[in-house]
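Notes follow the structure.
The values are calculated or read from the model by the stated rules, or taken from the named source; none is laboratory data. Keep in mind it's a predicted model, so treat the numbers as computed, not measured. Every residue, glycine as well, gets a Cβ built from its backbone with ideal geometry; the counts of neighbours run over all protein chains shown.
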Amino acid sequence: MAFSSASAFASGIRPIEIDGHGPGRVFEGIGALSAGASSRLLIDYPGPQRGEILDLLFKPNFGAAFHHLKVEVGGDVNSTDGTEPSHARTREEFDNPRPEYFRRGYEWWLMREAKRRDPRIALDVLQWGAPAWIGEKDHPWPDDPDALEWPQRKSLNARKFYTRDNAEFVAAFIRGAKKYHDLDIDFCGIWNETPHDLEWIKLLRRTLDGGGLERVKIVASDQTDDWNIVEAMERDPALKAAVHAVGVHYPKYRSSDAARRCGKPLSASEDGPLRPLNDWSAAGALAKIYNRNYVLGRMTRTVIWSLATAYYDALPWPDSGPIKADSPWSGHYEVHPALWAVAHTTQFVRPGWQYLDCACGMLRYQGSYVSLRSPAPDDDYSIVAETVDARRPQTLVFRVGGGLSAKPLHVWRSDRRSQFERLDDLPVLDGLLTVTFEPGCIYSLTTTTGQQKGRTNPPPSADFPFPYTDDFDDGRVGGLPNYFSDQGGVFEIADRPDGGRCLRQSLARQGIDWHSHPNPEPYTMIGSKDWRDYGVSCQAFVEDSGYAAVYGRIAEGLQSEQPPRGYWLKANADGRWELKASTKTLASGRAPFPADRWHTLELRFDGPRITALIDGEQMASIEDRAYSGGMAGLGSGWNRARFDDFAVRAL
């Protein structure tokens with residue numbers, strides 16, 4: 001890999017100065033984002049495998065060793081691959097908080113586990129949507145919100161979101177993290193990929209400060225490839241004082257000239273190659289992002305979505321994470337090469353290190369390199385280089401000075417064949433370090449020690465168990481049931497009025513949607529997209545009014561207000577029932593289905609034959625070929641409903 005300094009000079013190679021006293025921005029870290037229900041299945045893993053996955057994500061010098069964990073502030077709305085529950089879904093809950101409200105979902109658990117493995121990890125939060133009560137005082141919903149066209153609804157959503165209610169909602173989340181989980185939140189964003197409101201950003205700063213949260217840094221404004229907030233900050237000193245860092249999503253390595261001059265840290269507050277992270281080319285794309293975000297855009301922090309692919313592959317953006325953990329019933333998980341691309345930065349530098357601009361740049365024959373030093377008085381430094389697109393070896397000579405260590409450098413390399421392998425050390429001779437970078441690789445060179453490639457042995461993969469039943473009696477009240485993935489609404493374990501436990505859809509109102517798509521009506525899905533012929537049944541109990549539903553052959557969950565692609569039997573408390581294929585009604589009629597009583601809903605699939613039953617009586621038996629197989633599920637309207645004795649069985 002290396003050759004002598006003399007031969008380098010003989011070849012006319014000009015040394016790159018790596019001056020420990022040189023200028024450069026302070027590195028703020030590499031992170032990952034748990035949002036959009038992307039971590040839903042992780043908490044359901046058996047203890048040993050769950051611990052291994054968490055070690056690979058957060059344990060220093062073991063795997064990805066992320067410096068930041070960014071999580072969604074749950075808003076009870078679909079935010080990509082599902083719904084994340086909120087800590088205050090009504091104003092009454094907000095005004096009278098209880099500890100159990102701050103145990104909903106899995107983000108609290110995930111943040112605790114990350115901190116347990118690395119007490120230094122920074123915690124970031126960001127909203128996608130918000131509960132329906134937010135902003136009601138000033139901007140009430142119309143009597144019939146379903147009558148609003150989507151552009152009208154988006155406009156009303158924005159007016160409701162950017163209110164004092166929501167600033168206080170965010171502050172309550174951050175205070176609750178400390179009060180109930182002893183977690184300090186470090187960074188807070190605005191509204192994911194949605195046009196910002198400048199006055200609200202200042203209101204959020206005042207609200208945080210007034211609540212004793214002065215240490216929480218605001219990152220703004222989390223829009224996609226848009227640095228325009230910088231111009232507004234220059235015109236408004238109060239806005240500029242409120243913002244710690246300018247954060248942009250998917251900036252494509254670039255920032256604006258004004259952003260680089262504004263005096264604030266720059267962040268790729270969500271980033272990634274927007275492709276599955278399950279192969280070597282994706283790992284290379286990630287390595288390019290980490291280096292080039294600084295070399296070309298002077299961004300000092302990069303956060304990728306997602307932390308892990310812990311959601312069903314029938315949902316959008318499969319394989320978005322560097323580790324795939326979507327099989328908790330088997331304990332199986334997959335470590336992708338992208339995880340080791342992360343480690344090439346995170347295991348060799350820490351937040352607080354300084355980039356050395358004199359030794360950060362693009363390679364002549366494709367590739368990039370960055371150099372960083374540890375805080376003074378330490379003299380350690382690291383170099384991270386990628387030659388992902390290169391087609392020939394490239395030799396570089398670094399002249400090491402400015403108080404940096406003269407120790408040999410430890411070298412780690414990844415390529416298509418193997419990842420994160422230790423190579424022979426490289427000496428610094430007469431202040432010169434000479435290295436040849438082979439094409440198609442990622443390299444880390446460092447004077448530090450302790451790096452390792454964490455080794456685990458996941459069990460083999462297995463299909464989702466079939467047949468499958470759940471009576472929900474073993475679940476924690478307020479907790480999530482195993483393996484169910486909410487796509488609209490929130491389905492939680494609840495006490496059954498006549499004894500035992502059941503599953504309850506807990507939302508009676510649609511919340512403030514994420515701007516990109518309206519919320520679907522409540523449904524939750526489970527199982528395998530490979531299921532074909534089976535029966536799915538449950539007990540259902542509508543509270544007061546509305547409907548309950550059972551789903552089968554869900555081929556794909558959708559990011560829209562529409563029901564999923566699949567079949568469903570919908571029974572209303574007023575006696576109306578429908579058998580539907582997504583939005584299409586295949587059969588309908590009337591049957592006794594009064595509220596506040598338990599009933600049985602059942603669908604049977606046998607080739608093209610679909611049979612619907614209510615309380616054991618056949619309502620319809622028809623043939624339809626729209627969907628040949630898929631997952632099962634439960635659902636309701638924007639009404640509270642309970643479910644029990646869920647079963648998927650062979651016919």
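For PHE541, all conditions in the list (1) among the hydrophobic types (A, V, I, L, M, F, W, C); (2) within 31 Å of the chain's Cα centre (by Cα); (3) within 15 Å of LEU634 (Cα to Cα) hold save one; what is the number of the exception?
Single failed check for PHE541: (2).
Please enumerate the residues belonging to the range 225-276 that are in contact with an Asp or Glu (Cβ under 9 Å, 6 or more places away or on another chain) and at positive phi.
Matches in the range 225-276: TYR250, LYS252.
One line per residue, one yes/no per condition, for (1) farther than 21 Å from GLU543 by Cα; (2) touching a helix residue (DSSP H, G or I) at 6+ places or on another chain (Cβ under 9 Å); (3) surrounded by 19 or more Cβ atoms within 10 Å (Cβ to Cβ); (4) not assigned by TED's automatic domain parsing to the domain that holds ALA494:
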residue: GLU578; (1), (2), (3), (4): no, no, yes, no
residue: THR583; (1), (2), (3), (4): yes, no, no, no
residue: SER588; (1), (2), (3), (4): yes, no, no, no
residue: PRO594; (1), (2), (3), (4): no, no, no, no
residue: ARG597; (1), (2), (3), (4): no, no, no, no
residue: THR600; (1), (2), (3), (4): no, no, no, no
residue: GLY607; (1), (2), (3), (4): yes, no, no, no
residue: ASP644; (1), (2), (3), (4): no, no, yes, no
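How many residues does the range 402-460 hold that are assigned to a loop (DSSP other than H, G, I, E, B), more than 30 Å from the chain's Cα centre (by Cα) and under 16 Å from SER368 (Cα atoms)?
Selection size over the range 402-460: 2.
Give the residue, chosen from GLU602, GLU578, that is touching a Ser or Thr at 6+ places or on another chain (Cβ under 6 Å), more than 14 Å from TYR534 (Cβ to Cβ) and at pLDDT 95 or above.
GLU578
Condition first: farther than 18 Å from GLY24 by Cα and surrounded by fewer than 18 Cβ atoms within 10 Å (Cβ to Cβ). Now tell me which residues in the range 251-272 satisfy that.
The one that is farther than 18 Å from GLY24 by Cα and surrounded by fewer than 18 Cβ atoms within 10 Å (Cβ to Cβ): LYS252.
Quick check on my filter: what residues within the range 205-243 are touching a Pro at 6+ places or on another chain (Cβ under 7 Å) and in contact (Cβ under 8 Å) with a residue 40 or more places away in the chain?
Those that are touching a Pro at 6+ places or on another chain (Cβ under 7 Å) and in contact (Cβ under 8 Å) with a residue 40 or more places away in the chain: none in the range 205-243.
Of all residues in the range 79-109, which are of a type in the set (A, V, I, L, M, F, W, C) and farther than 27 Å from PRO518 by Cα?
Once the filter is applied, which keeps residues that are of a type in the set (A, V, I, L, M, F, W, C) and farther than 27 Å from PRO518 by Cα, the range 79-109 yields only TRP109.
For the range 463-516, please list each of the strands (runs of 3 or more DSSP E) lying entirely inside it that holds at least 2 residues being within 24 Å of the chain's Cα centre (by Cα).
Ranges flagged: 485-488, 491-495.
For ASP226, state whether it is among the acidic types (Asp, Glu) and farther than 22 Å from HIS68 by Cα.
Criteria met by ASP226.
Being part of a loop (DSSP other than H, G, I, E, B), farther than 17 Å from MET619 by Cα and either touching a Gly at 6+ places or on another chain (Cβ under 6 Å) or charged (D, E, K, R) (or both) is the filter here, so list the residues in the range 543-587 that pass it.
Scanning the range 543-587 gives GLU543, ASP544, GLY546, GLU561, PRO564.
Based on what the data block shows, is GLY129 at positive phi and either in contact (Cβ under 8 Å) with a residue 12 or more places away in the chain or under 19 Å from the mean Cα position of the chain (by Cα) (or both)?
It is false that GLY129 is at positive phi and either in contact (Cβ under 8 Å) with a residue 12 or more places away in the chain or under 19 Å from the mean Cα position of the chain (by Cα) (or both).
With the condition kept exactly as written, say whether any residue in the range 518-525 is without any contact (Cβ under 8 Å) to a residue 40 or more places away in the chain, assigned to a strand (DSSP E or B) and not aliphatic (A, V, I, L, M).
The answer is no; no qualifying residue exists.
Can you give me the ranges of the helices (runs of 4 or more DSSP H) entirely in the range 133-252 with at least 1 residues that are among the aliphatic types (A, V, I, L, M), under 21 Å from PRO85 (Cβ atoms) and over 21 Å from the mean Cα position of the chain (by Cα)?
It comes to 164-181.
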